[in-house]
Every structure is written in C-alpha cells, then in structure tokens.
Amino acid sequence: MTKKYKNPPIIESICAFQFLSKEAQDFIFVGQFYEKIKEEFPLRQQKLGVDLLLRNKDESRISHEFEFHFPIIQFFNQNKNFVIQLGNNLLTINYLKPYASWEEFKDKIFQIIEKYNTISNTNLIQKITLRYLNQININDNENLADYLLLYPNIPQNINLDKKNFNLYVEFKDKEFENNIIKVNLHTLKDETTNIISVLLDIDFTLSFNSLSINELSSILNKMHFEIENIFELCLTEKCKTLFN
Amino acid sequence: MIFPITYYNTLSTETQKILQHHQEYIDDITITKKDINEITKTYVNEHFLIKQIEELKREPSIITQIESLQKLYIFKNPREIRNFLLQDITLIEHLLDGYLAIMKVFQTGEKLELEYVIDAEENWDALTIIIPSHLPIKQIIRLERELFENWFVYIIDQVGNKLNYITKPL
C-alpha cells in the first residue's frame, strides 16, 4: 500500500493478466518464457489440468471424455516468496510477505510483462486482477468491532459466542465499466491460540475489449488506489496502530 | 498430453485403461451402461475428487490455497502449518496430489489430518499426513507400501524430509 506502515499486514499481493489471443499457448512458449526468467526464478513446478466428463450419448450408452486444460506452470524465486504462474494466455504474479511497497511490486510486474511480451504474439489484455490479502491478528479477549469497520452485523439477541465468520461483499467502481471489487473478510480457523486472525481479501478485476500494454501503468495505479482506499476505510484507527 | 507419472498413478486402474484407450481413439469412446455400472463407484468418486482438487489448483492465491487445504485435511496446529507452508510453498501442490493418491489407495471415509512436527534437538521439522484407517494392520502395511510406490517415491527427491505420512489404525 502507498501509505507506509512499519509492519504492513499484507501477506500476499497478486496481479493477474488474461491476454487476448486466438492462438492457444504451447510448451514451446513456456520454455521460451523460462529462458527469460530463469536467473531470477530458477525453480518450477507444474499444476496439471485434467477433467473427466460423463455424457449421455444416447439412451443405452454413456460417453466419457477427458478434457485437458493447458497446465499452469509455476516459477519460484530462490526464497519462494515471488511466484510467476503461467497458464494459457494467463500470467499471474504472486508476491508473498514481506511486502516492500507498491512501487517495488509494480516494477516487478512490468519487468515480467516485458519479458512475456518479447515472446508472446499478443500484447492486448482482456482482464486484469489486482488483489491484496491482509492478515490482522487480534487478541481473542478484544472486541473485533473495535478494529474492523467492515464487520458482520450480528443481532444482540443472539446470545452466543461467535466462533468464525465469513463476510463477502461485491462493489462496482463508478469510474470503470466491466469491473468488480470483491471484498472478503473472514477468520482463519485456529482454536489452538488466543489470537483471532482475520483475513481481509480485496480483489479488483477489470475487463476490457482489449487494453494495450501502454495504458497499463495508469490503470494499475488506479486499481491500487481503489484497493488501498477500501483497506483504509475497512479498519479503525485502533487497528492501524497494530501495523506501526 | 503426457501425464506426469505421479498424477497418472493416482488414477484407478479402470481410469488408467480408459485414458490409454482415449489417447489412441480420441473421438470414439463409448461404454455401455452395464460397463459404467461396474465402474461407477470408483469412477464417479474419483471424478468428484479430481474436480475438487482441480478447483483448488486453479485458485491463483497461494494463501487461499493453503486455507483451502483445510477442506481436505484437519490442521492439527494451524498456525504452525501455515507458517511452514509459507516457507516452502511448493509443498502445497504435493499435499493436493497426495490427497488424491491417499484416497485412491486407502479409500478411507475418515478425514485426513495434517500436523507440523518439530524436533528441536535434531534441528528438524516437517509436515506429517496422518491417515486414519479402520482396516486390519496387515492390510494397512500393504497399502502404506502401495502408496509409497504409487506416489511418494516420485516426490521424495523434491520434498526431502519436509513431508511424510503415517497411518493411524482406528
């Protein structure tokens, strides 16, 4: 986040791009991409994509099909806190804690995008997702409503102890068409400590007919600004003192 | 499409046969209802499991994937498990594939457990998958070996001593 905290609660930031292309990618593309990034991301792992489908062919016969998806290949840096995930015209960049700054993350996004574009047959973007996951730890003897402004409204008559909650809200940004901001606030299950961990997950997705890479910087800045704004508005000042 | 042997081995024999057949005659695979009745139990369960695992694998967030593992495993010490997985996020993929492999071999109705274990004196820590089973001990030992041969032997170089499994007779 642009507003600097000494101990930011960000545990993961994600930037994902869906590119516009008529051609499906193949393993040659994956190999070429790996050549470009392998110094910084030497480790790799494959997530296989396969699905099994059963269909009624006629009254007496059932056909079954295997549906293959282009696998997702993950590339990790040596510390395994930076991950690139490559799918079919899909590029996802995950940055795990410790998070330094938006500027650093954005620089990294652009470095990777540039390398991708040197070998890709398209530089038009169909969809961008920018997502931040924040973990906030609060003692269980505290009132969570003192920390969170976005919080489930529970009727007082329900005279039971709250165990876990999961709150999901979707917003639309007025500035952009075809956009959706998903905010998910939920507790992380853990009965073994006296700390309640809350995960605040803010996910901003924008769809385009086709967006050129040249326009990317300003779009990303606006998306980040919106996410930061929601983050700040969801938490009380008391909560923010935990990050300093 | 070439299947990594680790994944291929997690499929049932029937599915492996179908898959082999499918690769050769991709446009013409039909089986009769009688055939399907014979294999439905394994097949549909396996289909459901594969779908479930695929859905978890498609999740782009590493953190959300770690949280989703709790749909498959009971985290005995959640905070420690999360921290350990964040130190080596490549283990997540092995835990997803491992679930499928274990379910295929043991076909247990019990939920699997996951525990972070540490030996401070030996300066060693790891995740242990605990497989509860009602089967007789002899059969459990045989299935443990089968699980090793079908799954674990293919990932042992990658996971080192960071991931292992034990059975818990019930």
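Before moving on, here are some points about what is shown:
- Every pair of residues 6+ apart whose Cβ atoms lie under 7 Å, when the first sits in segment A:34-60 and is within 12 Å of another protein chain (Cβ to nearest Cβ) while the second is in a helix (DSSP H, G or I) and at pLDDT below 65: A:48/B:7; A:60/B:33
- Scanning segment A:44-81 for residues being buried (at least 16 other Cβ atoms within 10 Å of the Cβ), modelled with pLDDT of 60 or more and assigned to a strand (DSSP E or B) gives a total of 9.
- The number of residues in segment B:108-151 that are at pLDDT 90 or above, touching a strand residue (DSSP E or B) at 6+ places or on another chain (Cβ under 9 Å) and of a type in the set (Asp, Glu) comes to 4.
- From the options B:121, B:115, residue that is surrounded by fewer than 19 Cβ atoms within 10 Å (Cβ to Cβ) and without any contact (Cβ under 8 Å) to a residue 24 or more places away in the chain: B:121
- Among the residues of segment A:207-224, those identified as modelled with pLDDT of 90 or more and loosely packed, with under 13 Cβ neighbours inside 10 Å are A:217, A:218.
- Qualifying residue in segment A:184-191 (condition: loosely packed, with under 12 Cβ neighbours inside 10 Å, within 14 Å of chain B (Cβ to nearest Cβ) and part of a loop (DSSP other than H, G, I, E, B)): yes
- Residue that is modelled with the highest pLDDT [pool: residues in segment A:6-35 that are surrounded by fewer than 16 Cβ atoms within 10 Å (Cβ to Cβ) and within 25 Å of residue A:100 (Cβ to Cβ)]: A:7
- Of all positions in segment B:101-123, at least one carries a residue that is touching a helix residue (DSSP H, G or I) at 6+ places or on another chain (Cβ under 6 Å), within 14 Å of chain A (Cβ to nearest Cβ) and outside any strand (DSSP E or B).
- Unique residue being surrounded by fewer than 17 Cβ atoms within 10 Å (Cβ to Cβ) and within 22 Å of residue A:45 (Cβ to Cβ) when the list is B:148, B:152: B:148
- Within the option set A:214, A:159, being of a type outside the set (A, V, I, L, M, F, W, C), assigned to a loop (DSSP other than H, G, I, E, B), free of Cβ contacts under 8 Å to residues at least 24 places away in the same chain and more than 30 Å from residue B:77 (Cβ to Cβ) holds for one residue only, A:159.
- Meets criteria (within 14 Å of chain B (Cβ to nearest Cβ), surrounded by fewer than 19 Cβ atoms within 10 Å (Cβ to Cβ) and either among the aliphatic types (A, V, I, L, M) or not in a loop (DSSP other than H, G, I, E, B) (or both)) for residue A:135: yes
A quick yes/no check of all residues on (1) away from chain B (no Cβ under 11 Å); (2) surrounded by fewer than 17 Cβ atoms within 10 Å (Cβ to Cβ); (3) not in a strand (DSSP E or B):
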position: A:100; (1), (2), (3): yes, yes, yes
position: A:115; (1), (2), (3): yes, no, yes
position: A:125; (1), (2), (3): yes, no, no
position: A:167; (1), (2), (3): yes, yes, no
position: A:180; (1), (2), (3): yes, yes, no
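- Screening A:242, A:206, A:233 for residues that are in a strand (DSSP E or B), away from chain B (no Cβ under 14 Å), touching a residue at least 40 places away in the same chain (Cβ under 8 Å) and among the hydrophobic types (A, V, I, L, M, F, W, C) leaves exactly one candidate, A:206.
- Among the residues of segment A:90-106, none qualifies, meaning not one is closer than 26 Å to residue B:50 by Cβ, at pLDDT below 85 and in contact with a strand residue (DSSP E or B) (Cβ under 7 Å, 6 or more places away or on another chain).
The values are calculated or read from the model by the stated rules, or taken from the named source; none is laboratory data. Quantities reported herein were computed from a predicted structural model and do not represent experimental measurements. Here the Cβ is made from the backbone with ideal geometry for all residues, glycine too, and neighbour counts use every protein chain on show.
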